[in-house]
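This report concerns only the one structure given below.
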Amino acid sequence: MIRELSLPAARGRLAALSGGREDGRPLLCLHGWLDNAASFLPLAPWLADFRWVALDLPGHGASEHRAPGYDYVFVDWIHDVLDALDALGWARADLLGHSMGGAIACLLAAAVPARVRRLALVEALGPVAGDPDGAGSRLREAVLARRAVRGRSSRLIPDLDAAVAARLAATEMAPAAARLIVERNLRPVEGGFAWRSDPRLTLPASSRLPEPAIRSMLRLIEAPTLVIAAEPSPPWFSWDVLRERAACMADVRLERVPGGHHLHMEQPGQVGPRLRDFLAAG
């Protein structure tokens, strides 16, 4: 049975979905950008022996947004996840992350290795790198976009089908997967629905770590790590870069599964058993 949770955190309440065995090994699941906790529901049959909790990261799903005037800074996600672990009473847990959630899990495992037993990643191994030569233009773009977003009202969405169509227009994924995410990302308003997600999430980042810095952090990860990557690779997550990053780490296994970026939702029968077997080991 899937349960809704509400967890206290320093920067605002975190919502989550929970399932599995109450006495199972703790597993915290972290979703990708503009997704939410529901993205892990297709994997639930293979996580049944774990005590799994899938977070809505701040600004996503049913979790609270950042306070007015604040931005979504990458290092803050680490503190949000640590707050969730503390609220759950988990001194140590396995982490399962998809895309942005996997990048957050990597940096947390590097910064606080004692909190992470095993690290399972889908379409992730550290964050997307930034070109140092483009840092100035990136900063300018981010500041101007941030000033422009103030006071922007949420667009009215007439019904669920329209919301799913909007998501599919922005993201290449299976309609059933898009619907699962969208259902948790809508709030009812007069005349239809509005997005729950914080519009500040769509703003460009003011800075990105350069590739050497990311590899320096990956070297600090002590937890055994599994990476499941889609084949073919998306342009922002190339197989060559993935292998080069993995070469920095002490204990990592790479696997490829035919599918798209949301392969954990679209190919759960291929991804789920791999995750279950890896997380059950050790």
What residue, among those in region 192-229 that are in a strand (DSSP E or B), touching a residue at least 40 places away in the same chain (Cβ under 8 Å) and of a type outside the set (Ser, Thr, Tyr), is nearest to GLY61 (Cα to Cα)? TRP195
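Could you list, in sequence order, the residues of region 215-236 that are crowded, with 17+ Cβ neighbours inside 10 Å and more than 14 Å from VAL252 (Cβ to Cβ)?
Residues of region 215-236 crowded, with 17+ Cβ neighbours inside 10 Å: 215, 217-218, 221, 223-230.
Within region 215-236, just ALA230 meets the criteria.
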Within region 84-97, tally of residues that are closer than 12 Å to ALA9 by Cα, more than 16 Å from the chain's Cα centre (by Cα) and in contact (Cβ under 8 Å) with a residue 60 or more places away in the chain: 2
Listed by first then second residue, the pairs whose first member lies in region 116-133 and is on the phi > 0 side of the Ramachandran plot, whose partner is in a loop (DSSP other than H, G, I, E, B) and hydrophobic (A, V, I, L, M, F, W, C), with beta carbons under 9 Å and at least 6 positions apart or on separate chains, are GLU123/PHE237; GLY126/LEU209
Can you name the number of the only condition in (1) without any contact (Cβ under 8 Å) to a residue 40 or more places away in the chain; (2) hydrophobic (A, V, I, L, M, F, W, C); (3) under 23 Å from LEU34 (Cβ atoms) that PHE74 fails? (1)
Go through THR225, THR202 for me and flag whichever is touching a strand residue (DSSP E or B) at 6+ places or on another chain (Cβ under 8 Å) and polar (S, T, N, Q). THR225
Residue pairs within 6 Å by beta carbon, gap of at least six or interchain, first lying in region 154-166 and farther than 17 Å from ASP35 by Cα and in contact (Cβ under 8 Å) with a residue 24 or more places away in the chain, second exposed (fewer than 14 other Cβ atoms within 10 Å of the Cβ) and among the small types (Gly, Ala, Ser), listed first then second, are LEU156/GLY191
Among the residues listed as ARG92, ARG51, ARG118, the single one being within 23 Å of ARG253 (Cα to Cα) and surrounded by 18 or more Cβ atoms within 10 Å (Cβ to Cβ): ARG118
Might you check whether a residue that is out of contact with any Asp or Glu (no Cβ under 8 Å at 6 or more places or on another chain) and β-branched (Val, Ile, Thr) occurs anywhere in region 224-236? no
Unique residue being among the hydrophobic types (A, V, I, L, M, F, W, C) and either more than 23 Å from ALA120 (Cα to Cα) or in contact with an Asp or Glu (Cβ under 6 Å, 6 or more places away or on another chain) (or both) when the list is ALA247, ALA178, ALA169: ALA169
Go through region 32-58 and report how many residues are within 19 Å of TRP90 (Cα to Cα) and touching a residue at least 60 places away in the same chain (Cβ under 8 Å). 5
Of the numbered conditions (1) touching a helix residue (DSSP H, G or I) at 6+ places or on another chain (Cβ under 9 Å); (2) at pLDDT 95 or above, ALA169 satisfies every one except a single condition; which is it? (1)
Residue in region 78-89 that is surrounded by the most Cβ atoms within 10 Å (Cβ to Cβ), counting only those that are within 15 Å of ALA37 (Cα to Cα) and hydrophobic (A, V, I, L, M, F, W, C): VAL81
Whether any residue in region 135-154 is surrounded by fewer than 14 Cβ atoms within 10 Å (Cβ to Cβ), outside any helix (DSSP H, G or I) and modelled with pLDDT of 95 or more is what I want to check. no
Do you know which of the residues in region 230-240 that are without any contact (Cβ under 8 Å) to a residue 40 or more places away in the chain and part of a loop (DSSP other than H, G, I, E, B) is farthest from ALA148 (Cα to Cα)? PRO232
Among the residues of region 155-191, count how many are within 20 Å of the chain's Cα centre (by Cα), assigned to a loop (DSSP other than H, G, I, E, B) and either small (Gly, Ala, Ser) or surrounded by fewer than 11 Cβ atoms within 10 Å (Cβ to Cβ) (or both). 1
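The values are calculated or read from the model by the stated rules, or taken from the named source; none is laboratory data. As the structure is a prediction and not an experimental result, all values here were calculated from the model. Virtual Cβ from ideal backbone geometry, glycine too; neighbours counted across all protein chains shown.
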